[in-house]
Amino acid sequence: MDLAVTFSSEGVIRLQSRALFCDPDSSTCRRFLERVFEADEITDVVIKGGATPEAELRYCPRSHVLRDVVARVVSFL
């Protein structure tokens, strides 16, 4: 899977993947989103299309440590 992960700002994990996010209605994307929202740490997800489809996963950095949030998200991939 084509996947790039960046931490654009505090409280945001950005996942870039054409395979995963180019069609937000695909069963693969929907399944990923369903799993991500099982994580209490994730408060919001924003999917952006375009040349580089991506999702921004948002969490509260005052309540959760980045390392723990990343580990939780990785378990869903």
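If you average the sequence gap of Cα pairs under 8 Å that are 6 or more apart and divide by the length of the chain, what percent do you get for the contact order?
On the way: 107 pairs, mean separation 24.2, N = 77.
Relative contact order for the chain comes out at 31 percent.
Relative to the longest principal axis of the Cα atoms of the chain, the long axis of helix 27-36 lies at roughly 0 degrees. Taking 0.36 nm per residue of separation and subtracting the current Cα-Cα distance, fully stretching the chain between V45 and A4 would add 13.1 nm.
About the centre of its Cα atoms, the chain shows a dipole size close to 100 debye [charges on the beta carbon of Lys, Arg (+1) and Asp, Glu (-1) only; nearest 20 debye]. Normalising by residue count, the chain has a Cα convex hull of 80 Å³ per residue.
Taking the C-alpha atoms only, the angle from helix 66-76 to the longest principal axis of the chain is near 40 degrees. By the scheme Lys and Arg +1, Asp and Glu -1, what is the net charge of all other residues having a beta-carbon under 15 Å from that of A71? Result for the local shell: -1.
Where a number appears in this text, it was derived from the coordinates with a stated rule and is not lab data. Here the structure is a predicted model, which means the values were calculated and not measured. Quick reminder, even Gly has a Cβ in these numbers, built from the backbone with ideal geometry, and neighbours come from all protein chains shown.
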